[in-house]
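Visitor: So that we are looking at the same thing, I have put the structure below in structure tokens.
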Amino acid sequence: MSEFPKETEVVVVGAGIAGTMTAYFLAKRGVPVVVCEKGRVAGEQSSRNWGFVRKQGRDPRELPAVIESLRIWEGLEAELGEDIGWHQGGSLYLAENDDDLAHYERWMDFAREYQLDTRLLSPDEVDAQIGGEGRIWKGGMFTASDGRAEPEKAVPAVARALQRMGGTVLTECAVRTVERAAGKVIGVVTEKGPIACRAVVCAAGAWSSLFSRNLGHGFPQLKVRASVLRTKPAPLATESNVMSSGAGFRRRQDGGYTIGRSGAAIFEIVPDALRYFRDFQPGRKSQPGMKLKFNDAFFRELVRPNKWQGDQVTAFERYRVLDPAPDMAMLGGMIRFARQNFPQLGPVEIAEAWAGMIDVTPDAIPVMSAVDGLEGYFVATGFSGHGFGIGAGVGRIMAELAMGESVCVDLHPFRLARFTDGSPIELFSKQSWRG
Ligand SMILES: Cc1cc2nc3c(=O)[nH]c(=O)nc-3n(C[C@H](O)[C@H](O)[C@H](O)COP(=O)(O)OP(=O)(O)OC[C@H]3O[C@@H](n4cnc5c(N)ncnc54)[C@H](O)[C@@H]3O)c2cc1C
């Protein structure tokens, strides 16, 4: 076993897609980097998602970053020399009524502005894409250059590549806190010992606000439980990622489909919900599919300290991997919808069901930011249910930011200070939490 690193240039907290891709881009340019992961690589959201990699339907503020991300995804498999299930079969959003059509027509303005290959489809064109066996759709919106990857494969492959380039990945190694001197980062304290460093990138997913709060830099972030399933092998209906109100699906490499339902998540009421109640008001109203639940999560988080020192065992070690139970009632309704509206998928038999805790910000766009008052501390989090697709671009962006270089996209919309500088919280669309 290699020795525990005593020092490095950059420590990345969390080996999800945001952290692993950041470390990958740093390692590519020869920057010494250590990724510390409290559980396993991509154990939380980054292996549990649907695998959609899309520009379509995005909040326009994210488009420059996701365009760059798609460019990276397109070459990633060859660059890594490993199969990650990359396939560019497009995104197809189905229109069930005139409101959907109007929404897609409005989004076409952004597609034109960014010269995307997005187009609106007639009902016949939709049938030509997915077969006409099911419901008669009013039309759709389609972006042929969108793609998909297999989440369980992609991030571990990136982690292996960054290790081949000299980067270090430590699993079961929670970062407890950041050490500071004169307002600057000087290192981290992990459960296995300290590591001196010049910069820290917090890419801790649903744990980022808690981690940052201990340093005096908390921000509004909550989590919702989203459930998903994969089917047994089934006939090939389409290679596109398909989205409708009752079910969204994509073809898997194993011959089945991953199926989920956008927006149909459970929000467990926890103390942070009260802490950030006002920040999340606009988002709450736009999520009619969200179920509220009051359960033991409230008391578990209530007794959790908000402040601790590096010599104390933390929540990060107590909860190695967030592995919530799937909402089988929701999945049952979703299967009925899929059988009725997409008979071309076959009998839709469950091979496996699971859930993930999605971390969300009040405006459903991420934080990719330096932090005022703590030089050398950077945050990449809050991807609000659509961080897998943008994740490759996040790596490049955060590596540039951490190295003090000019960044390839405008990060103003993603600055952490937007939650404290009096800016209005602007939520793009009720559909912005779509995979
Ligand atoms: C069911 C579901 C479907 C989704 N579908 C899509 C989709 O189709 N397309 C899409 O683009 N996005 C999708 N998403 C969202 C996407 O998965 C996430 O936005 C993205 O994976 C977030 O990546 P991350 O690296 O920020 O966080 P995560 O993947 O959650 O990684 C954070 C990591 O940090 C670690 N960590 C936390 N605290 C510490 C600490 N103190 N020390 C060390 N390690 C720590 C955690 O253990 C975790 O491994 C979906 C999400 C879910 C749950």
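Computed from the coordinates by the stated procedures, all read-outs in this text should not be read as laboratory data. Only a predicted model underlies this, so the values are computations on that prediction, with no experimental measurement involved. For neighbour counting, all protein chains shown are included, and Cβ atoms are generated from backbone atoms with ideal geometry for every residue, glycine included.
Visitor: Starting from the 7 Å offset along Cα-to-Cβ, what nm value, one decimal, do you get for the label separation of residue 426 and residue 196?
Guide: Inter-label distance under the simple model: 4.5 nm.
Visitor: Enumerate the residues in the stretch 204-234 having an amide nitrogen under 18 Å from the point lying 7 Å beyond the Cα of residue 300 toward its Cβ.
Guide: The answer is 205-211, 222-228, whose backbone nitrogens lie closer than 18 Å to the label point.
Visitor: So, one more: Can you give the FRET efficiency to the nearest 0.05 for residue 102 and residue 344, using r as the Cβ-Cβ distance and R₀ = 22 Å? Each step should come with its number before you reach the end.
Guide: Details: r = 27 Å, r/R0 = 1.23.
Using R0 = 22 Å, I get an efficiency of 0.20.
Visitor: Residue 179's amide H: which non-local residues (gap 5+, or another chain) put their own amide H closer than 5 Å, with H modeled 1.01 Å from N in plane and none for Pro or chain starts?
Guide: Distant-sequence amide H within range of residue 179: 186, 187, 188, 189.
Visitor: Compute the longest continuous run of the chain that contains no exposed GluC sites (Glu not before Pro); treat a site as exposed when its DSSP state is not H, G, I, E or B and it has at most 12 other Cβ atoms within 10 Å. Walk me through the intermediate numbers first.
Guide: Values: sites that count: 3, 133, 349, 405.
Here the longest run is 134-348.
Visitor: Let me ask something else about it. Rounded to whole Å, give me the distance from the Cα center of the stretch 95-166 to that of the stretch 358-389.
Guide: Result: 24 Å between the Cα centres.
Visitor: Please compute the length gained on full extension between residue 109 and residue 336, using 0.36 nm multiplied by the number of residues separating them and subtracting their Cα-Cα distance. Walk me through the numbers on the way to the answer.
Guide: Values: separation 227, 0.36 × 227 = 81.72 nm, distance 3.47 nm.
So the chain would gain 78.2 nm between residue 109 and residue 336.
Visitor: As an exercise, use a Förster radius of 25 Å and the Cβ-Cβ distance of residue 127 and residue 232 to find the FRET efficiency, rounded to the nearest 0.05.
Guide: The computed FRET efficiency comes out at 0.50.
Visitor: Helix 151-164 sits at what angle to the longest principal axis of the chain, using alpha carbons and giving 0 to 90 degrees rounded to 10?
Guide: That helix lies at roughly 40 degrees to the long axis.
Visitor: Next question. Taking only Cα atoms, what is the 0 to 90° angle, nearest 10, from helix 17-28's long axis to the longest principal axis of the chain?
Guide: Result, in degrees: 60.
Visitor: Return 302, 76 ranked ascending by Cβ neighbour count within 10 Å, so the fewest neighbours appear first.
Guide: Taking fewest neighbouring Cβ atoms as first place, the list is 302, 76.
Visitor: When the label point is put 7 Å from the Cα of residue 144 along its Cα-to-beta-carbon vector, which residues of the stretch 79-116 have a backbone N closer than 15 Å?
Guide: Counting backbone N atoms under 15 Å from the label point, the list is 88-92, 116.
Visitor: What is the spin-label model distance, in nm, from residue 275 to residue 352 if the labels are put 7 Å beyond Cα along the C-beta direction?
Guide: 3.3 nm
Visitor: Still on this structure, please answer the following. For residue 423, what is the net charge nearby, where nearby means another residue's Cβ is under 10 Å from its Cβ and Lys, Arg count +1, Asp, Glu -1? It would help to have the intermediate numbers written out before the result.
Guide: Values: positive: 415, 418; negative: 363, 421, 426.
With Lys, Arg at +1 and Asp, Glu at -1, the neighbours total -1.
Visitor: Then there's this: What pairs from 138/293; 6/28; 6/307; 223/307; 153/232; 28/184 go past 23 Å between their alpha carbons?
Guide: Values: 138/293 35 Å; 6/28 21 Å; 6/307 25 Å; 223/307 20 Å; 153/232 19 Å; 28/184 25 Å.
Where the Cα-Cα span goes over 23 Å, the pairs concerned are 138/293; 6/307; 28/184.
Visitor: Could I ask something else about it? Pairing the Cα long axis of helix 63-80 with the longest principal axis of the chain, what angle in degrees results, from 0 to 90 and rounded to the nearest 10?
Guide: With rounding to tens, the tilt is 80 degrees.
Visitor: How much length is gained on full extension from residue 290 to residue 40, taking 0.36 nm per residue of separation minus their Cα-Cα distance?
Guide: Here the segment from residue 290 to residue 40 would lengthen by 87.1 nm.
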